[in-house]
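These notes concern the structure reproduced below.
Computed from the coordinates by the stated procedures, all read-outs in this text should not be read as laboratory data. In this text, all values refer to a predicted model and were calculated from it rather than measured experimentally. We place every Cβ from the backbone using ideal geometry, glycine too, and count neighbours over all the protein chains shown.
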Ligand code: ADP
Ligand code: MG
């Protein structure tokens, strides 16, 4: 099940020599011990273009290779899907869908703000998956900004508490890879 990956990139396609703030060994060790089977979460944090989504997809594909299921959703699509499920009185089905896969990739958390109802739904998803399934989150927001992002500091704390309890956090730094490619091509001076 390779649901809705925006692109397909592997770990071998990730150049760790130019992205030195991510330890290849740390990533490989996590994949080797199938971290997702223990309900262990990953947080890939950092500015745009540093490879967060690439890594999240590559790791989810490794899980699929190991026979696990993975679901990829961008957080703005999650917000939209949650509203639609609410309107159609399909919240039970919605929550089941997000609880089920071994790995849930929640991409670009923080670009779109959550309304109160959707933040509550995110909390339910995180709670349902707590110690059962794995969540890989990519975000450009620091923890202190989660309250604003979710419209509630109480919910943000409750969600972060569960997410971080069993987790590995990668603070990724550096310049945008997209921009680097453009500079090399002479598009940007
Ligand atoms: P982010 O999610 O952090 O904004 P992406 O993962 O979407 O960034 O990366 C942007 C593009 O650059 C993608 O095409 C990705 O494959 C590529 N990329 C980023 N970092 C690397 C890297 N270290 N090695 C190879 N490709 C990279
Ligand atoms: Mg991204």
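Some points to look at:
- Test result for residue 31, buried (at least 22 other Cβ atoms within 10 Å of the Cβ) and over 27 Å from residue 118 (Cα atoms): no
- Taking segment 25-76 as the range and being in contact with a strand residue (DSSP E or B) (Cβ under 8 Å, 6 or more places away or on another chain), within 16 Å of ligand 1 (Cβ to nearest atom) and at positive phi as the test, only 46 passes.
- When residue 37 is tested against (1) touching a helix residue (DSSP H, G or I) at 6+ places or on another chain (Cβ under 8 Å); (2) assigned to a helix (DSSP H, G or I); (3) in contact (Cβ under 8 Å) with a residue 40 or more places away in the chain, just one condition goes unmet, and that condition is (1).
- Residue in segment 80-94 that is touching a residue at least 12 places away in the same chain (Cβ under 8 Å), in contact with a strand residue (DSSP E or B) (Cβ under 8 Å, 6 or more places away or on another chain) and more than 23 Å from residue 172 (Cα to Cα) present: yes
- Residue match in segment 66-74 (condition: away from ligand 2 (no atom under 14 Å from the Cβ), closer than 22 Å to residue 159 by Cβ, surrounded by fewer than 17 Cβ atoms within 10 Å (Cβ to Cβ) and in contact (Cβ under 8 Å) with a residue 60 or more places away in the chain): no
- Just so you know, in segment 133-159 the residues that are within 16 Å of the chain's Cα centre (by Cα) and within 17 Å of residue 48 (Cβ to Cβ) include one that is surrounded by the most Cβ atoms within 10 Å (Cβ to Cβ), and it is 138.
- Any hit, segment 100-112, residues being out of contact with any strand residue (DSSP E or B) (no Cβ under 7 Å at 6 or more places or on another chain) and in contact (Cβ under 8 Å) with a residue 60 or more places away in the chain: no
- Number of the exception - residue 55 against (1) more than 12 Å from ligand 2 (Cβ to nearest atom); (2) closer than 20 Å to residue 12 by Cα; (3) part of a helix (DSSP H, G or I): (1)
- Only one entry of 83, 180, 92 meets the criterion of being over 23 Å from residue 37 (Cα atoms) and within 16 Å of ligand 2 (Cβ to nearest atom), and that entry is 180.
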